[in-house]
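A.B. asks: I'd like to ask some things about the structure below.
The values are calculated or read from the model by the stated rules, or taken from the named source; none is laboratory data. The structure presented is a predicted model; accordingly, all values stated were derived computationally and were not measured. For neighbour counting, all protein chains shown are included, and Cβ atoms are generated from backbone atoms with ideal geometry for every residue, glycine included. What goes into the accessible areas is simple: the full protein's heavy atoms, side chains included, and nothing from ligands, DNA or RNA. Shrake-Rupley method; radii C 1.70, N 1.55, O 1.52, S 1.80 Å.
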Amino acid sequence: MQRFTSVHDVADPKALVALALAHQKNPWAHDSMGQRKTLGMLFLNPSLRTRVSTQLAARHLGLHTVVMNQDKDNWAIEWNDGAVMDGTKAEHVRDAAAALGQYCHILAIRAFPSLTDREADDREHVLEQFIRFAGVPVVSLESATRHPLQSLADMITMAEVAPPRRVRVALTWAPHVRALPQAVANSFAEWALAMGHELCIAHPPGYELDHRFTQGAMITSNQKEALADADFVYVKNWSAREPYGATPPVHGQWLLSDERLAPQSKVMHCLPVRRNVELIDALIDGPRSLVQRQAANRVWAAQAVLHTMLQSLEPKHHSAHV
Ligand code: CP
């Protein structure tokens, strides 16, 4: 695997879930796999779970990690080709990514969308340039349009607790105080459908997701319809695509309550969550909640991905690689 940016980069998503569950059972079974190899992690945006779970996963595999926070550690990066760099950006992505590719055997990057330039976000302007110039395998730690490590952890979580039949999954929009990306929702939909789950997405009018990610899902503006008989209810806010990044007014009650849920429904959220804005305390802390299980499974998701990438690493001839 040369890149992990979406479910489309994975030959067999169910096999990747199975590999993650094997790592969960025996975290140190491959602890020399990454010996003498380095994973570079570049964060253009904040993170708690992604940062720590990926570092833990790397440690289980014997990989050394270098973590960089773009706003504090590195030169400001220019992302546009042909730019006359006479402003505040001190280094071009061509040079930064290529240098990091000399030092690291695998690179990982978090690059949220601008939410102002839909065309650039849709073509993953930042992530794709980084991949192009890095010259080594790249893992997305959440990009403009997707969050594949989160989605893989979500699939692992559902596999752990799913009833022995095709499961019914609801993805429901929830309120928030600010405009959030569509990446988690896009990615969850794409992975749930690839895993063969039955998916229904509920959102208020104006919050339509890009059809690229939802082909095969039922889509409704009636939350009650989506929640009926759902085994898993994934709660997430996202902003509008038209106008891009807007938060059009929403009518009706979209904050979930226990009474709205089917008896068997489990509740999922990727975290961080705005308590009592996006999801109420009673659901986050109650018996239906899978949120901390999802967070725990981030380790095994990252470990399965790094394991697969390490297996496919070519011997490197860069001078800095040992
Ligand atoms: N779910 C998730 O990606 O959490 P962080 O933003 O804290 O990494």
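A.B. asks: Report yes if Leu255 is surrounded by fewer than 21 Cβ atoms within 10 Å (Cβ to Cβ) and touching a strand residue (DSSP E or B) at 6+ places or on another chain (Cβ under 6 Å), otherwise no.
C.D. replies: It is false that Leu255 is surrounded by fewer than 21 Cβ atoms within 10 Å (Cβ to Cβ) and touching a strand residue (DSSP E or B) at 6+ places or on another chain (Cβ under 6 Å).
A.B. asks: Condition first: in a loop (DSSP other than H, G, I, E, B) and either within 17 Å of Asp285 (Cα to Cα) or hydroxyl-bearing (Ser, Thr, Tyr) (or both). Now tell me which residues in region 241-270 satisfy that.
C.D. replies: Those that are in a loop (DSSP other than H, G, I, E, B) and either within 17 Å of Asp285 (Cα to Cα) or hydroxyl-bearing (Ser, Thr, Tyr) (or both): Thr247, Leu255, Leu256, Ser257, Leu261, Pro263, Gln264, Ser265, His269, Cys270.
A.B. asks: Quick check on my filter: what residues within region 235-267 are within 16 Å of the ligand (Cβ to nearest atom) and out of contact with any helix residue (DSSP H, G or I) (no Cβ under 6 Å at 6 or more places or on another chain)? It would help to see each step written out before you state the result.
C.D. replies: If we filter region 235-267 for residues that are within 16 Å of the ligand (Cβ to nearest atom), which is where we start, we get 235-238, 267.
Scanning region 235-267 gives Val235, Asn237.
A.B. asks: With the requirement that a residue be of a type in the set (A, V, I, L, M) and under 20 Å from the mean Cα position of the chain (by Cα), what does region 86-134 give you?
C.D. replies: Matches in region 86-134: Ile106, Leu107, Ala108, Ile109, Ala111, Leu115, Ala120, Val126, Leu127, Ile131.
A.B. asks: Here are some conditions: (1) over 18 Å from the mean Cα position of the chain (by Cα); (2) closer than 19 Å to Arg298 by Cα. Val52 meets all but one. Which one does it not meet?
C.D. replies: (1)
A.B. asks: Next up: Take Thr54 and decide whether it is modelled with pLDDT of 95 or more, on the phi < 0 side of the Ramachandran plot, outside any helix (DSSP H, G or I) and of a type in the set (Val, Ile, Thr). Don't jump to the end; show me each part of the working.
C.D. replies: On the way: modelled with pLDDT of 95 or more: yes; on the phi < 0 side of the Ramachandran plot: yes; outside any helix (DSSP H, G or I): no; of a type in the set (Val, Ile, Thr): yes.
No.
A.B. asks: For residues in region 35-49 being under 20 Å from the mean Cα position of the chain (by Cα) and open to solvent by 60 Å² or more (accessible area, probe 1.4 Å), which is farthest from the ligand (Cβ to nearest atom)?
C.D. replies: Quick first cut of region 35-49, residues under 20 Å from the mean Cα position of the chain (by Cα) only: 39-49.
Next, only the ones that are open to solvent by 60 Å² or more (accessible area, probe 1.4 Å) stay: 46, 48.
Numbers: Pro46: 7, Leu48: 3 Å.
Going through the qualifying residues, I end up with Pro46.
A.B. asks: Out of the residues in region 281-317 that are without any contact (Cβ under 8 Å) to a residue 12 or more places away in the chain and within 16 Å of the ligand (Cβ to nearest atom), state the one that is least open to solvent (accessible area, probe 1.4 Å).
C.D. replies: Selected residue: Ala296.
A.B. asks: Quick one: what pairs do we get from region 269-280, first residue open to solvent by 10 Å² or more (accessible area, probe 1.4 Å), second more than 9 Å from the ligand (Cβ to nearest atom) and of a type in the set (Asp, Glu), C-beta under 6 Å, 6+ apart or different chains?
C.D. replies: Final answer for the pair search is Arg275/Asp281.
A.B. asks: Test each condition in (1) touching a residue at least 60 places away in the same chain (Cβ under 8 Å); (2) more than 18 Å from Ser143 (Cβ to Cβ); (3) open to solvent by less than 50 Å² (accessible area, probe 1.4 Å) for His30 and report the one that comes out false.
C.D. replies: With (1) touching a residue at least 60 places away in the same chain (Cβ under 8 Å); (2) more than 18 Å from Ser143 (Cβ to Cβ); (3) open to solvent by less than 50 Å² (accessible area, probe 1.4 Å) applied to His30, the lone miss is (3).
A.B. asks: For Ala144, indicate whether it is hydrophobic (A, V, I, L, M, F, W, C), within 16 Å of the ligand (Cβ to nearest atom) and either at positive phi or free of Cβ contacts under 8 Å to residues at least 60 places away in the same chain (or both).
C.D. replies: yes
A.B. asks: Further, regarding this structure: For region 174-198, name all the residues that are under 18 Å from Met218 (Cα atoms) and touching a Gly at 6+ places or on another chain (Cβ under 7 Å).
C.D. replies: Leu193
A.B. asks: Let me ask another. Would you point out which residue out of Ala192, Ala153, Ala144, Ala162 is over 18 Å from Leu21 (Cβ atoms) and aliphatic (A, V, I, L, M)?
C.D. replies: After applying the criteria, what remains is Ala144.
A.B. asks: Six or more apart or on different chains, Cβ under 6 Å: which pairs go from a residue in region 244-258 that's closer than 21 Å to Ala183 by Cβ and modelled with pLDDT of 95 or more to one that's open to solvent by 40 Å² or more (accessible area, probe 1.4 Å) and not in a loop (DSSP other than H, G, I, E, B)? Could you list them?
C.D. replies: Going by the 6 Å Cβ cut-off, the qualifying pairs are Tyr244/Arg118.
A.B. asks: Tell me, which residue of region 60-97 that is part of a helix (DSSP H, G or I) and closer than 23 Å to Gly135 by Cα is nearest to the ligand (Cβ to nearest atom)? Explain how you work it out, then say what you get.
C.D. replies: Here is the first cut: in region 60-97, the ones part of a helix (DSSP H, G or I) are 60, 70-73, 93-97.
Retained after the next criterion (residues that are closer than 23 Å to Gly135 by Cα): 70, 73, 93-97.
Working: Gln70: 15, Asp73: 17, Val93: 22, Arg94: 27, Asp95: 27, Ala96: 22, Ala97: 21 Å.
Applying the filter and picking the extreme gives Gln70.
A.B. asks: What tally of residues in region 195-240 results from selecting those that are of a type outside the set (A, V, I, L, M, F, W, C) and part of a strand (DSSP E or B)?
C.D. replies: Qualifying residue count for the region: 4.
A.B. asks: Something else: Out of curiosity, is Glu91 free of Cβ contacts under 8 Å to residues at least 24 places away in the same chain, closer than 24 Å to Glu190 by Cβ and out of contact with any Lys or Arg (no Cβ under 8 Å at 6 or more places or on another chain)?
C.D. replies: No; evaluated as a whole, the condition is false for this residue.
A.B. asks: Please identify the pairs in which a residue from region 187-202 that is β-branched (Val, Ile, Thr) has its Cβ atom under 8 Å from the Cβ atom of a residue that is open to solvent by 30 Å² or more (accessible area, probe 1.4 Å), counting only partners at least 6 apart or on another chain.
C.D. replies: Between residues of region 187-202 that are β-branched (Val, Ile, Thr) and residues that are open to solvent by 30 Å² or more (accessible area, probe 1.4 Å), the close pairs are Ile201/Met218; Ile201/Ile219.
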